[in-house]
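Q: Sending over a structure as structure tokens; questions will come in a sec.
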Amino acid sequence: MRNQLKHYINGEWIESTGPETIEVINPATEQVLGEISSGTEEDLEKAVKAARAAFPAYSRSTKEERIQWLKNIVKGYEARKDELIDVMTDELGAPLSVSDEVHYHMGLGHFKQAVESLSDFSFSEDRGGHTLLKESIGVSGLITPWNFPTNQASTKIASAIAAGSPVILKPASKTPFAAMILAEIIDEAGVPKGAFNLVNGSGSVIGNGISSHHDIDFVSFTGSGTVGKKIMKNAAETIKKVALELGGKSPIVVLEDADVEKAAKTAISNIMTNTGQVCSAGTRVFIPQSMKKSFEKTIVDLLPTFPYGDPRKEGIVTGPLVSKDQWDTVQSYIKKGEKEATLLVGGTGKPEGLETGYYAKPTIFTDVSNDSVIAQEEIFGPVTTIITYEDLEDAIEMANDSVYGLAGFVVGKDPETLRHVASSIRSGRIKVNDANTDFNGPFGGYKQSGIGREWGDFGIEEYLEIKSVHGMPSA
Ligand code: NAD
């Protein structure tokens, strides 16, 4: 049992001031994996005081010092590779290969990128009539979801360190243990005490406490739109800046000249990677009407090439959903889909032989209308929808007919058409033909997918205030 009942405040692991604990469940076994403390307002207060006290010196730390801390974190992170992979497989149910190639790798990528971005970053610029200074925004509250335990925390922490902004991290209580390893790594990296704090607990106490705290200057939140709205409302009371990384229902636009097999693979990997629990997953697949039959056959034929099951078994690429709640939500959407569209493969219930664990059947709906519930709401599971189009401009219009705008995908050959679709989709990140991820590429949403950008130099900017000095004497 992993019982880690302490919070990390002011450079020390300290007891919670309250007796309440939260159980963490292994989604593959449905067994209790361990417990964390459900932090109190008093715990949060201690963390805010520590961050506030660290602020004056930390915000004036040099670029070289920050680069060194980030490099030390990279080293520490690499040294704990096996442990991080193991813990994410336990708490999230991610297959070992996914914990390694996706989760471990992405967390590391953000720290490495921060070293690079910071090396080229300028905190002061002579703009003719004035000097522009970029200064730490102050104490920042970081609230993260469960679906990427290291990626979400790492991108925020790395940017905050690069900017010299002290933080209080509240990880998701479903997946807190990887974040606690991160705290240990940061502790050993020489980051000044009080600059990084971690308080575990519920959204209603710690999350709410962060967004409404008068001594926190900025909240960076990743999670659902429902909670994002609450955070924005709370933050309004103290005119706090908020960055919101919210949900999505991203389109995959398949062009007439696309290779059907490649397009089908893109569609499947979007719902099978991390069991479809990915905010930027492409879950509305727009295909030309003329491709319908061949695409449907190909996608069904290829689905078994993404094996699902026990995350600790060799060769498995898709594990269970994170929790019973998430499983119930996915089931209710599949039920709705069965009424709204044609079920091509999958359906409700657990897959045969996987009765223990929160496993859902990979499910593909076809004959889907873009205005149906399954095409408009984020399902966050291994479920996708196929929507046909006659004319590419209609496909683009439907792709944009969504309250979300986080990501978009386009698959095909003609460069001009690929460019046209990429620039027409109203989303913060577009992938053309499954291009590789660049950790310096800004990540964030248009419309109700959020406010602000993370990753690389844009991520660092979030943790900075802008000051214009007129008449600055030269040094
Ligand atoms: P969630 O909104 O339920 O929880 C996210 C975090 O907010 C958790 O730490 C939770 O404890 C906390 N929280 C809950 N209530 C709160 C409150 N009242 N005040 C402050 N904090 C509170 O989301 P989730 O279920 O953990 O994650 C899934 C959602 O996250 C999906 O909608 C997904 O699309 C989104 N997401 C977005 C991105 C992105 O970068 N855009 C990335 C990953 C996940």
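Q: Counting other C-beta atoms within 10 Å, and keeping those with at most 10, which DSSP coil trypsin sites (Lys or Arg not before Pro) do you find in the range 56-150? Please list the in-between numbers first.
A: Numbers: sites: 60, 63, 66, 71, 75, 80, 81, 112, 127, 134; in loops: 60, 80, 127.
Sparse-neighbourhood loop trypsin sites (Lys or Arg not before Pro): 127.
Q: If I model a spin label at residue 12 and residue 60 as a point 7 Å from the Cα along the Cα→Cβ vector, what separation in nanometres do I get?
A: 2.6
Q: Please compute, over every Cα-Cα pair in the range 392-475, the percentage with a separation greater than 15 angstrom.
A: Numbers: 2323 of 3486 pairs.
So the portion of pairs separated by more than 15 Å is 67 percent.
Q: A further question follows. Can you work out the FRET efficiency for the pair residue 125 and residue 434, with r the C-beta to C-beta distance and R0 = 41 Å, to the nearest 0.05?
A: 0.65
Q: Let me understand the chain better: what is its radius of gyration from the alpha carbons, and its Dmax, in angstrom?
A: My reading of the Cα-based Rg and Dmax gives 22.6, 74 Å.
Q: Work out the FRET efficiency for residue 215 and residue 75 from their Cβ-Cβ distance, taking R0 = 51 Å, and round it to the nearest 0.05.
A: E(calc), rounded to 0.05, equals 0.95.
Q: If each of residue 292 and residue 468 carries a label point 7 Å out from its Cα toward its Cβ, how far apart are those two points in nm?
A: Placing both labels 7 Å along Cα→Cβ, they lie 5.7 nm apart.
Q: Provide the net charge surrounding residue 412, with neighbours chosen by a C-beta distance below 10 Å and charges set as Lys +1, Arg +1, Asp -1, Glu -1.
A: -2
Q: Tally the DSSP beta bridges in the chain and give the antiparallel ones as a percent, rounded to 5.
A: 40
Q: In a Debye calculation with equal point scatterers on the alpha-carbon sites of the range 250-438 and no solvent, what is log10 I(q)/I(0) at q = 0.08, 0.09, 0.11 Å⁻¹?
A: For the range 250-438 at q = 0.08, 0.09, 0.11 Å⁻¹, log10 I(q)/I(0) is -0.23, -0.29, -0.44.
Q: What FRET efficiency would be calculated for the residue pair residue 417, residue 184, taking the C-beta separation as r and a Förster radius of 56 Å, to the nearest 0.05?
A: Values: r = 49 Å, r/R0 = 0.88.
It comes out at approximately 0.70.
Q: Mind checking which of 368, 263, 17 is farthest towards the positive end of the chain's charge dipole, using Cβ charges of +1 (Lys, Arg) and -1 (Asp, Glu) about the Cα centre?
A: Value: 17.
Q: With charges set only on the Cβ (+1 for Lys and Arg, -1 for Asp and Glu), what does the dipole of the range 250-438 come to about its Cα centre, in debye to the nearest 20?
A: Here the range 250-438 has a charge dipole of around 580 debye.
Q: So what is the 222 nm mean residue ellipticity for the chain from helices alone, if each DSSP H run of at least 4 adds -39500 (n - 2.57) and you divide by all residues, rounding to the nearest 500 deg cm²/dmol?
A: Value at 222 nm, helices only: -11500 deg cm²/dmol.
Q: Given the peptides 406-412, 3-9, arrange them by the average over their residues of other C-beta atoms within 10 Å, most packed first. Provide the component values of the computation, followed by the final result.
A: Details: 406-412: 26.9, 3-9: 20.3.
Ranked from most to least packed, the peptides come out as 406-412, 3-9.
Q: For a quick check of your reading of the filter: which GluC sites (Glu not before Pro) in the range 342-398 sit in a DSSP loop and have no more than 14 other Cβ atoms within 10 Å?
A: Listed in order of number, the matching sites are 352, 355, 390.
Q: Given N residues in the range 38-92, what is its alpha carbon radius of gyration divided by 2.2 N^0.38 Å?
A: Relative to the rule-of-thumb radius for its length, the range 38-92 sits at 1.60.
Q: Continuing with this model, one more query. Rounded if a/c is under 1.5, else prolate if a/b is larger than b/c, else oblate: which is the range 230-342, with a ≥ b ≥ c the root eigenvalues of its Cα gyration tensor?
A: In terms of gyration-tensor shape, prolate.
Q: Enter the per residue convex hull volume of the range 92-159, computed from alpha-carbon coordinates, in Å³ rounded to the nearest integer.
A: 90
Q: Place the peptides 358-364, 447-453, 290-296 in order of packing, highest mean first, counting for every residue the other Cβ atoms within 10 Å and averaging per peptide. Write down the numbers at each step before the final one.
A: Working: 358-364: 24.7, 447-453: 21.6, 290-296: 15.6.
Packing order, densest peptide first, comes out as 358-364, 447-453, 290-296.
Q: Taking H as built 1.01 Å from N, whose amide H comes closer than 5 Å to the amide H of residue 389, not counting residues under 5 places away?
A: Close amide H contacts, sequence-distant or interchain: 287, 289.
Q: May I have the extent of the alpha carbons of the range 136-238 along their three principal axes, as whole Å values ordered from largest to smallest?
A: Computed over the Cα atoms, the extents are 36, 29, 19 Å.
Q: For residue 142, what is the net charge nearby, where nearby means another residue's Cβ is under 10 Å from its Cβ and Lys, Arg count +1, Asp, Glu -1? Present the calculation step by step, with values, prior to reporting the outcome.
A: Numbers: positive: 156, 170; negative: none.
Surrounding charge for residue 142 is +2.
Q: Once you charge only the Cβ atoms, +1 for Lys and Arg and -1 for Asp and Glu, what is the size of the charge dipole of the chain about its Cα centre, to the nearest 20 debye?
A: Here the size comes out at about 620 debye.
Q: When only DSSP loop residues count, what trypsin sites (Lys or Arg not before Pro) in the range 223-277 have their Cβ near at most 14 other Cβ atoms within 10 Å?
A: none
Q: Please check which bits of the range 181-224 a label hung off residue 82 would reach, taking the label as a point 7 Å along Cα-to-C-beta and the cut-off as backbone N under 13 Å.
A: none
Q: How far is it, in nm, from the label point at residue 237 to the one at residue 53 when both lie 7 Å from their Cα along the line to the Cβ?
A: So the label points at residue 237 and residue 53 sit 2.6 nm apart.
Rule-based calculations on the coordinates, nothing more; no lab input. Everything quoted here is computed from the prediction, not taken from an experiment. For neighbour counting, all protein chains shown are included, and Cβ atoms are generated from backbone atoms with ideal geometry for every residue, glycine included.
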